[in-house]
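Engineer: Following this message is one structure expressed as structure tokens.
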């Protein structure tokens with residue numbers, strides 16, 4: 001596919017949804033200047049959506065929160081919806097997720113409420129075209145930068161792609177086999193590594209943290225998930241000398257209620273951090289909506305590295321599966337080789353032409 005130097009209009013926003021922003025994988029190397037990563041809250045879903053439409057995994061897409069937008073298709077293209085299970089329609093017909101869907105000029109995509117999970121990603125062939133700010137197209141709402149003027153989508157916005165019109169005949173069919181599709185729940189267990197300031201909490205506080213269910217507060221967003229539940233006791237005080245805040249860090253202020261720091265978090269903070277959510281489980285937090293519940297399970301650093309490797313291996317397999325689909329659409333079974341391993345893939349359904 002040949003990239004087009006000029007922006008190519010693909011969507012007109014008819015309704016914006018609750019909170020729809022443009023996100024890629026984030027803005028790296030800027031935390032020393034006080035600028036957070038931003039980027040997709042659920043990076044796995046963004047990567048898969050991009051792979052489905054033939055993009056690089058870091059291409060910009062729409063991140064949809066809770067209640068999605070209504071979009072008019074301005075030119076023929078390919079799209080994929082991933083992440084949360086949304087009640088969605090394409091011209092009054094069900095719009096299924098986790099697959100490449102061919103859409104034509106004049107069609108209407110209507111993404112309503114999320115039935116399971118909370119955040120979804122709508123990728124378009126070629127990726128969304130907006131100016132890069134500090135090396136990323138991601139929207140940082142608090143800093144009012146990136147995306148469309150640093151804000152969420154509004155009615156009347158025109159969304160551009162960086163690719164020309166896509167041939168409906170030549171576009172390969174891609175869909176994610178069922179065994180790779182994540183299932184989101186309203187009650188999850190999240191793996192964490194203790195520290196770096198877990199010594200600021202007494203034994204009873206640590207026990208409370210690891211043995212309690214916490215409820216997602218209504219006051220949760222892309223900056224942080226505020227949780228309510230049993231109070232976590234400090235040894236003395238909650239304040240520390242201000243230091244760096246990684247994504248997934250769990251701060252506990254003086255009220256004893258944990259706060260999980262997310263994509264738009266501040267880069268430094270002065271509350272003790274009892275633990276940090278491991279990278280592969282960030283998406284579990286991101287897919288929780290207000291009133292959902294979470295608990296934390298302690299693991300070691302070596303285990304965390306293995307879980308991260310497993311997630312990367314899964315993405316490699318998915319990429320190979322999607323590449324293979326372009327040439328095996330008439331078969332029910334096929335093989336995918338990843339390194340020295342060969343996987344048998346069963347196709348239960350071939351998408352309609």
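Rule-based calculations on the coordinates, nothing more; no lab input. Predicted, not measured: the structure shown is a model, and the values here were computed from it. Note: ideal-geometry Cβ built from the backbone for every residue, glycine included; neighbour counts use all protein chains shown.
Engineer: If you bin every alpha carbon distance in segment 171-244 into 5 Å steps from zero, what whole percent lands in each bin?
Structural biologist: 3, 10, 15, 19, 18, 11, 7, 6, 5, 3, 2, 1, 0
Engineer: Also, quick follow-up: Working from Cα positions, state the angle (0 to 90°, nearest 10) between the long axis of helix 43-52 and the longest principal axis of the chain.
Structural biologist: 10
Engineer: For a quick size check, give me the Cα extents of segment 125-282 along its three principal axes, largest first, whole Å.
Structural biologist: Cα spread of segment 125-282 along its principal axes, largest to smallest: 65, 38, 26 Å.
Engineer: Over the alpha-carbon set of segment 8-180, divide Rg by the Kirkwood Rh and report the Rg/Rh ratio to two decimals. Mind dumping the intermediate values first?
Structural biologist: Details: Rg = 14.9 Å, Rh = 15.7 Å.
Looking at segment 8-180, the ratio lands at 0.95.
Engineer: Pop out the Kirkwood hydrodynamic radius of segment 1-96 from its pairwise C-alpha distances, inverse of mean 1/r, in Å to one decimal. Please list the in-between numbers first.
Structural biologist: Values: mean 1/r = 0.0671 Å⁻¹.
Hydrodynamic radius (Kirkwood, Cα pairs) of segment 1-96 is 14.9 Å.
Engineer: Still on this model: Below 8 Å between Cα atoms, with a sequence gap of 6+, how large is the relative contact order for the chain in percent?
Structural biologist: 18
Engineer: Same structure, new question: So how far apart, in nm, are the two label points at residue 186 and residue 223 if each is 7 Å from Cα heading toward Cβ?
Structural biologist: Placing both labels 7 Å beyond Cα along the Cβ direction yields 2.8 nm.
Engineer: Another one. Could you list, bin by bin from short to long, the percent of Cα-Cα pairs of the chain in 10 Å steps?
Structural biologist: Going from the shortest bin to the longest, the percentages are 5, 24, 31, 24, 12, 3, 0.
Engineer: So what's the angle, to the nearest 10 degrees on a 0 to 90 scale, between helix 301-325 and the longest Cα principal axis of the chain?
Structural biologist: Its long axis makes an angle of about 10 degrees.
Engineer: Tell me, how many Å apart are the Cα centres for segment 24-41 and for segment 260-276?
Structural biologist: Answer, in whole Å: 14.
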